[in-house]
Structures are given as structure tokens and as C-alpha cells.
Amino acid sequence: MNKYELLFILDPSLEEAARNTAIDTVKGIIAEAGEVSEVNEWGLRKLAYPIQKKSEGYYVVMQFTAAPELPKELDRRLRISDSCMRHIIITKDE
């Protein structure tokens, strides 16, 4: 099991219920083959450059441990998600 960090930016126009559902969906994907250790919701922040004609996004950072195959599947599912504007998954070294 490796340690990972996921940062994703959700569409700022999502209502709170839809935003929580999107976060829970990501947690569920990770829980299938790993374990979420920490979730930090940074909230609404200004983007460095416009994405999809939006200048703000809702930032969420997750720390998790999982098998090496999970990040590829998580990346695929976040790419096709309508609510996720951008994401990045990094491996945390000891």
C-alpha cells in the first residue's frame, strides 16, 4: 500500500448537497481498494487562470493509502466527472 495525496477542484456553481455527494463519491472510489486518512476542504478559492470560463473553484485535498492500481482508476473517473474541473494525484514519499 502506497500513500497518496489527491487535490481536486469542484465546480463552484454546485450546491452544497451536490458538492458533498461528489466528495463522498471520491471517498467511495478510494474505499473500494484503499483507505482515506484525511479530508481537508479548503473551500472556494480564486483560480490562477480561468477554467471553463470560471475564475473560482471549490478545493478539496485528500490523503489516502491504496494499492498502486487505484490512482489510475481514480484519475479515469475524475476525468469523466462533470463536477470536477481539475485534479492531481501525487505519491507521498516517506
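Suppose only helical runs count, i.e. DSSP H with n ≥ 4. What mean residue ellipticity at 222 nm does that imply for the chain under -39500 (n - 2.57) per run, divided by all residues and rounded to the nearest 500 deg cm²/dmol? Walk me through the intermediate numbers first.
Numbers: 2 runs with 28 residues, N = 94.
My calculation for the chain gives -9500 deg cm²/dmol from helical runs alone.
Going through (1) 14.5; (2) 13.5; (3) 15.2, the figure that equals Kirkwood radius over Cα pairs in Å as computed for the structure here is (2).
Gain in length, Glu5 to Thr21, computed as 0.36 nm per residue apart minus the alpha-carbon separation, to one decimal in nm? Mind dumping the intermediate values first?
Details: separation 16, 0.36 × 16 = 5.76 nm, distance 1.97 nm.
Additional length available on full extension: 3.8 nm.
Within the chain, DSSP assigns beta bridges of which about 100% are antiparallel (rounded to the nearest 5). Angle of helix 16-33 to the longest C-alpha principal axis of the chain, folded into 0 to 90 degrees and rounded to 10: 20°.
Kindly express, to the nearest 10 degrees and within the range 0 to 90, the angle between helix 70-79's C-alpha long axis and the longest C-alpha principal axis of the chain. Taking Cα atoms only, the helix is inclined about 20 degrees.
Do any trypsin sites (Lys or Arg not before Pro) in the range 1-85 lie in a DSSP loop with no more than 15 other beta carbon atoms within 10 Å, and if so, which? Qualifying residues, ordered by number: Lys53.
The numbers here are math on the coordinates, done by the rules we state, and not lab data. Small disclaimer: the values here were computed from a predicted structure and weren't measured. Here Cβ is always computed from backbone atoms with ideal geometry, including for glycine, and neighbour counts include all displayed protein chains.
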